1. Applying the selection to region A:45-59, what residues are open to solvent by 50 Å² or more (accessible area, probe 1.4 Å) and either under 26 Å from A:Val136 (Cα atoms) or modelled with pLDDT under 95 (or both)?
2. Select from region A:294-333 the residues that are in contact with a helix residue (DSSP H, G or I) (Cβ under 6 Å, 6 or more places away or on another chain) and farther than 20 Å from A:Asn87 by Cβ and write down the one among them that is least open to solvent (accessible area, probe 1.4 Å).
3. Considering only residues of region A:133-145 that are over 18 Å from the mean Cα position of the chain (by Cα) and more than 14 Å from chain B (Cβ to nearest Cβ), which is farthest from A:Gly204 (Cα to Cα)?
4. I'm checking my understanding of the structure. Among residues of region A:243-270 that are more than 14 Å from the chain's Cα centre (by Cα) and among the polar types (S, T, N, Q), which one is most open to solvent (accessible area, probe 1.4 Å)?
5. List every residue pair whose Cβ atoms sit under 6 Å apart, with the two residues 6 or more apart in sequence or on different chains, where the first one lies in region A:220-242 and is of a type in the set (Lys, Arg) and the second, anywhere, is buried (at least 21 other Cβ atoms within 10 Å of the Cβ).
6. Go through (1) at pLDDT 95 or above; (2) under 25 Å from A:Leu84 (Cβ atoms) one by one and return the number of the condition A:Gly261 breaks.
7. May I ask you to say which residue of A:Leu42, A:Leu73, A:Leu130, A:Leu94 is within 14 Å of another protein chain (Cβ to nearest Cβ), without any contact (Cβ under 8 Å) to a residue 60 or more places away in the chain and surrounded by fewer than 20 Cβ atoms within 10 Å (Cβ to Cβ)?
8. Taking region B:82-105 only, how many residues are without any contact (Cβ under 8 Å) to a residue 12 or more places away in the chain and open to solvent by 70 Å² or more (accessible area, probe 1.4 Å)?
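The values are calculated or read from the model by the stated rules, or taken from the named source; none is laboratory data. Source: prediction; values computed, not measured. As a convention, Cβ positions derive from the backbone with ideal geometry for all residues, glycine included, and neighbour counts pool all protein chains shown. The area values use the complete protein model at the heavy-atom level, side chains included, leaving out ligands, DNA and RNA. Shrake-Rupley method; radii C 1.70, N 1.55, O 1.52, S 1.80 Å.
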Amino acid sequence: MNQRFISASPHIHDNLNIQKIMVTVIITLIPAGAWAIYLFGLQVLWITLTAIVSAVLTEFVCQKIMKRPVSILDGSAVLTGLLLAYNLPPDVPLWIPAVGSLVAVFIGKQIFGGLGFNPMNPALIGRAFLMASWPVHMTVFDAPLRNNMPVSGIDSVTGATPLAVFKHMREILIHKSDLLPEQVTQAQQTMAELNGAYMKLFIGQVGGCIGEVSALLLFLGGCYLLYHHIISWKIPVAYIGTVMILTTILGENPLFHALSGGLFLGAIYMATDMVTSPVTFRGRLLFGVGCGILTVVIRFWGGYPEGVSYSILLMNLVTPLLDKYTRPKVFGG
Amino acid sequence: MSFKKDLIKGIFQENPVFRLMLGLCPVLATSTSVQNALGMGSAVIFVLLCSNIIVSLVRNWVPAKIRIPIYISIIATFVTIVDLVMAGYLPDLHKSLGLFIPLIVVNCIILGRAEAFAGKNGVFRSILDALGMGIGFTLALTIIATFREILGNGTWMGVPLFGPSFEPVLLMILSPGAFITIGLLIGLLNWTDHARKIRHS
C-alpha cells in the first residue's frame, strides 16, 4: 500500500515512498511554523499540535471502522493537519483545528477511499468547512506581537490582513465620488504604504494565517522540495506568474499581490498536492494559470479578501479533465 | 402479504429518498429544521394519497397518450388545496416552506407513483402505496432535518439542546450541509446493506 506511482510514464524506479515524501514536506514547513510562533506567540504551537493530533486520530478511527489497513505512519494525515493549521488565524479557539482536521480527513479523504482517491485537497476542505461554519472565528486576525506593519488606518489590535485592507481601500477608491475627499486621500496613502512594504511582506512581519505570513521561508522550503523533485516548478511558477501578470494588467502592484496572503503557501504546498493536481506538463501549466485567474478574480471582485484556497479547490475539481485533454501523443502514434 | 408489502416497501426497500433518489430538491431545501420537514412531509402525504386515489379511479378512462397532463392536473388540484389551507391555518409554516409547496406539483415521487403504481393498480393498493411512500419520504426528510437542525442550529423541533456556549455549525443549515448529510446517510445505508449481504453469504 505504500508504493503508489502517479507520474506520467516513463517510470524510473526510485526508493522514494509516500512516507519519505511526506516527512520531507513536513520538515520544509517547520521553519514557517516556527516563525509564526515567534510572531504570534505560543498558542500557534497548540493550534498546530491540536490539528495534527485530531487528523491522525480521525485517520486511525476511520481506517479501523472501515477495516482498512491503518496507515497513520505514512505521514499524510500529519501533513493534512499541519497544512490545515497553517490556514487558520493565529488566535482561533482550539476546538476549531480539532473539528477542522476531523472534517478534512473524514469528509475530505477517507470517505473517498483514503490517500490517493480524494478529489480535492483535504486540508482545504477542512478550511472551507470552518470558513462556512464559523466565519467570525476564521476572519478575525490577531496583530503580530512583534514588528507589526506600521500602516496607518490599520487597527493595530485586531490587525486586519494586508489583503483585507487592500480590498477595503480599493472599494473606497472605486466609489471615490460618494465619499469625503479626506477619506479618499487617506485611502490613497494607505494603498501607497501597503505597496511599499515589500520587505515586511517578504519576511513576514504582517498579520495573517499561521503558515502564510513568511513568503521567504515558504520560498526556501519550496526550493528544497524542487531540488529533491518532490514538487515540479510548473504549478507554482504558472500560478504566481499568472497572479502577477493579471494584477499588472489590472493596474495594481504585482509584487504586493504575489507576496501577500496565502499565495506562496497555496502555490508551493497545496496546489502541488500529488493526488489532486494534473500529472501532464501542459495540464500542470493550465492548472496553475487557472488557479491564478481565480485567485485574482476572488481578490478583486469576490466576497472574501483572499481567494487562494477556493481557487485551488475549484481547480482540483477539473484536474481529471485537464489530465484527459492534455495527454501527450503516443510517440509514433 | 402483498398488501403489507405495498405499504412497507416505500418505507424501507424502496424509500423514495434513500433508495429511489426521487424528490431530492424538496429534501435538500426543506430539511433545515424538523418542523419544516414534518410540514413538508404531511403536505406530500396528503397530495400523494389523494392523487393516487383519483388516478387509480380514473385509470381505465385515461388515454395513454395524454396521461401525463391529466395526472399533473389532478396533482395540481390537491397542491392548490394544500397551499391555500396551509396559508390560512399555518401561515408561519407556509412562509418558511415558501415556493416548495407549489413545487410539490412537479415532485417526482408523486408523478412517479401515479405513473408507476396508481395508473396500473386498484384503489386499495394505491392507497397503501401512497401511505408507504409518503411515510418513507417524511421519515427520510425528518432524519436528515434532525442532523441538520441539531448541528446547524443547536435545537430539535425548536427546543434548544445545548448550553449557550455551543456555536452552531452554520454550514449544516446552508445548502452544502444538506448535500453532505444526504450523501453520508446514503453511504451509511449502502455500507450496512453491503455488510449484511456479506454476512449472509
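1. Here is the first cut: in region A:45-59, the ones open to solvent by 50 Å² or more (accessible area, probe 1.4 Å) are A:45-46, A:49, A:53, A:57.
Scanning region A:45-59 gives A:Leu45, A:Trp46, A:Leu49, A:Val53.
2. A:Thr326
3. A:Asp142
4. Per the stated criteria, the residue is A:Thr248.
5. A:Lys234/A:Arg284
6. Answer for A:Gly261: the failing condition is (1).
7. Details: A:Leu42 fails: within 14 Å of another protein chain (Cβ to nearest Cβ); A:Leu73 fails: within 14 Å of another protein chain (Cβ to nearest Cβ); A:Leu130 fails: surrounded by fewer than 20 Cβ atoms within 10 Å (Cβ to Cβ).
Exactly one residue qualifies, and that residue is A:Leu94.
8. So the count comes out to 7.
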